[in-house]
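Peer 1: Pasting a structure here, questions to come.
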Amino acid sequence: MYARRRRRSLQSSTLVLMIIVLSVVALAVPMLLHIYILNSNDLNLQPQSAQKIDVAVQKDTSHGIAASEYGSRKEEAKTNQEAAEPSMPSIQAQDDWQQQNDSIKKQCAALPECKKEDQWHWTDTRHWTDPCTRGRIGPIPVVLMALGRSGSSITWSTLSALTGERNIAYERTGQTENVTEQFFKCLENCPLAFHNWTIQLLCHIQQRRSDVTVNSGIAGFQWKPYMNSFDSEYAIEGLKALGSVDPKAKVIYLTRNPLDRKISNMRHELGKQAQKDLPAHCEVNDVECKKRHSAAAGVGVTLPTGEALSHWLNVATRNDAKVGAILREAGVDYVKVSYEQLYNADNADEWMKIFRFLRVGPMEDLTVDDVRATFNLASTHSKGRNETVTNFIGVE
């Protein structure tokens, strides 16, 4: 009897306990659900916040400077793969970045050293300081390095035609020694400057140039390696950046006999004095342009002689060696070719040397006739040194 009553009491207690537990659960579930929703909302905000952080990192790595850290630009500059191929930020972050970027561009454009050659407003890559994603499929990024009157324009035109669709490589660092020096001073003093400017510029050429298409074999720009700027900070870092991406950007270093180059420069300057607005090159079918160059070809060139000429030639030879040393030290993937072997040889071996280096274009069985049939620029001078140099005997 006692045991039966005890069992009933335990059952009643268990039932009461279950009712209490259920009541607590019923009250707790809504509260837990509310907390969960709040946490979910917080989590949903994190990607946007992360994107904003990414924008700052992207600015810092791809341009060598974060928006709030202009003073530490040089220390924070990066030249890694992520810098060259940044992730896409949110719409709001892009708008914020663009406003900031446009404002700084105006500051840069106002700098005296940035006004030369309209450096921040190139028509073909107008916003080249903006972030850019380099495509995996497309033309090979190439920098053609050559001093003036070395045949760089016709060389690029021919290479681009024989590797795909013809396009142009503009002299983006400057056409003259002074302008090139100003270009690098502009990079040093403008907050938008970044160490991997070469990769960023190549990316914009690939993405924005109308004459560069999926059928182009190569795309890039020309760089004149003047010694007054070639060993500057941004020149060296720009060279290093060329080897920091995968695949590496290529450099073609085109040289010419310094004496012939000097003669060509002097003849060109004298020709411009005799014929106002004389263009540097003539299209193959431009009869009028070729006539003007023929008329100017009668102007003789007088070179310095003796120690003055020897000193100039020695400096030119040393500078050529320095360019090679700097390229090697920066880890640049480059090939050195000569004007004489490209244009005066009776074979196309030097051309095929370039194509094998680029891994695109005719690497075998190419003839001189094949190459010349591709030329779109005419020769503007065919006289030898003895006919061009008035004091040839003294120079010899």
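The values are calculated or read from the model by the stated rules, or taken from the named source; none is laboratory data. None of the values given here were measured: they were computed from a predicted structure. With ideal geometry, Cβ positions are generated from the backbone for all residues, glycine too; neighbour counts draw on all protein chains shown.
Peer 1: Check Ser160 against each of (1) farther than 23 Å from Thr129 by Cβ; (2) touching a residue at least 60 places away in the same chain (Cβ under 8 Å); (3) touching a Gly at 6+ places or on another chain (Cβ under 8 Å) and name the one condition it does not meet.
Peer 2: So Ser160 meets the others, but not (2).
Peer 1: Does region 237-265 hold any residues that are in contact with a strand residue (DSSP E or B) (Cβ under 9 Å, 6 or more places away or on another chain), modelled with pLDDT of 95 or more and among the charged types (D, E, K, R), and which are they?
Peer 2: Within region 237-265, Lys250, Arg256 meet the criteria.
Peer 1: Of all residues in region 127-150, how many are at pLDDT 85 or above and either closer than 19 Å to Pro247 by Cα or not in a loop (DSSP other than H, G, I, E, B) (or both)?
Peer 2: Residues that pass the stated criteria total 8.
Peer 1: Out of all the residues in region 340-352, is one or more touching a residue at least 60 places away in the same chain (Cβ under 8 Å), within 26 Å of the chain's Cα centre (by Cα) and surrounded by 15 or more Cβ atoms within 10 Å (Cβ to Cβ)?
Peer 2: Yes, there is a match, as at least one residue in region 340-352 is touching a residue at least 60 places away in the same chain (Cβ under 8 Å), within 26 Å of the chain's Cα centre (by Cα) and surrounded by 15 or more Cβ atoms within 10 Å (Cβ to Cβ).
Peer 1: Further, regarding this structure: Is it true that Ser160 is touching an Asp or Glu at 6+ places or on another chain (Cβ under 8 Å) and small (Gly, Ala, Ser)?
Peer 2: Spelling it out, it is not the case that Ser160 is touching an Asp or Glu at 6+ places or on another chain (Cβ under 8 Å) and small (Gly, Ala, Ser).
Peer 1: Also, quick follow-up: Among (1) closer than 24 Å to Glu329 by Cα; (2) modelled with pLDDT of 95 or more, where does Arg166 come up short?
Peer 2: Of (1) closer than 24 Å to Glu329 by Cα; (2) modelled with pLDDT of 95 or more, only one is false for Arg166: (1).
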